[in-house]
Amino acid sequence: MPDRFPQEAVLRDGRRVMIRPFAEHDTESLFSFFQRLPTDIRRFAWDNIEDRSLIETWGGNIDYSRVLPLVAVNGHHNKIVADATMHCRDRGPLRLVGRVKWLLDPEYRGQGLGITLVNNFISIARDYGLRHLSCMPIADLEEDAIQTLTDLGFEKYSIPDYGADPDGRAYDMVKLVLKL
């Protein structure tokens, strides 16, 4: 896996980003990236990304075989503009399934960065011998992610009222699965 990174990606608008695995020295930059995200994005993150100690724990406990975290870095400003992860299990009935999630700086959405990150995970998942990739976005709030994944061949399964916001309001979720 490390031999494929870093890799440069040219976005639709011509900007260039460097994609590479998150490393311990990226902890502060990743935390800053999360803090730059709008509140309505942060509040729906899978983890409490407003907790600096959590990000520091991630940086200090990297195990690329369990969680492969990729970051996209704007070369001109050397700041993280996207965070994406592929989670794998080493045992159990889902050990051949990878789960992906990502957050993009709003200024980088619609530029092909999400597709590039997911395509990297598809390729890596095949190298790992995984049989499926999955993702579970919120139906009403992440239509762009759902469209990106269906365009890449993921099958879509809607689950009404499956998720909830921090205030307890129910949201429909979409389980997306790609057979590799």
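What to note about this one:
- Unmet requirement for Arg169, which otherwise passes all of (1) out of contact with any helix residue (DSSP H, G or I) (no Cβ under 7 Å at 6 or more places or on another chain); (2) buried (at least 17 other Cβ atoms within 10 Å of the Cβ): (2)
- Residue selected from region 103-134 under the condition outside any strand (DSSP E or B) and aliphatic (A, V, I, L, M), by the criterion nearest to Val71 (Cα to Cα): Leu117
- Any hit, region 87-97, residues being part of a helix (DSSP H, G or I) and either of a type in the set (Phe, Trp, Tyr) or closer than 25 Å to Arg20 by Cα (or both): no
- Looking only at region 1-31, and only at residues there that are small (Gly, Ala, Ser) and out of contact with any strand residue (DSSP E or B) (no Cβ under 7 Å at 6 or more places or on another chain), the one that is farthest from Met86 (Cα to Cα): Gly14
- Scanning region 106-162 for residues that are within 23 Å of Ile41 (Cα to Cα), in contact (Cβ under 8 Å) with a residue 60 or more places away in the chain and surrounded by fewer than 17 Cβ atoms within 10 Å (Cβ to Cβ) yields Pro106, Gly110, Gly112, Leu141.
- Failed condition for Tyr64, given (1) under 20 Å from Thr116 (Cα atoms); (2) out of contact with any Pro (no Cβ under 9 Å at 6 or more places or on another chain); (3) hydroxyl-bearing (Ser, Thr, Tyr): (2)
- Every residue from region 29-54 that is loosely packed, with under 13 Cβ neighbours inside 10 Å, of a type in the set (Asp, Glu) and either over 21 Å from Gln111 (Cβ atoms) or at pLDDT 95 or above (or both): Asp47, Asp51
- Looking only at region 10-43, and only at residues there that are in a strand (DSSP E or B), under 16 Å from the mean Cα position of the chain (by Cα) and not basic (Lys, Arg), the one that is nearest to Leu70 (Cα to Cα): Pro21
- If you filter region 63-78 down to residues that are loosely packed, with under 15 Cβ neighbours inside 10 Å and either part of a strand (DSSP E or B) or out of contact with any strand residue (DSSP E or B) (no Cβ under 7 Å at 6 or more places or on another chain) (or both), you find that the one that is modelled with the lowest pLDDT is His76.
- Restricting attention to region 73-89, the residues being touching a residue at least 24 places away in the same chain (Cβ under 8 Å) and closer than 29 Å to Tyr162 by Cβ number 5.
- Residues satisfying the stated conditions in region 121-139, i.e. touching a Leu at 6+ places or on another chain (Cβ under 7 Å) and among the charged types (D, E, K, R): Arg126, Arg131
The values are calculated or read from the model by the stated rules, or taken from the named source; none is laboratory data. Here the structure is a predicted model, which means the values were calculated and not measured. For neighbour counting, all protein chains shown are included, and Cβ atoms are generated from backbone atoms with ideal geometry for every residue, glycine included.
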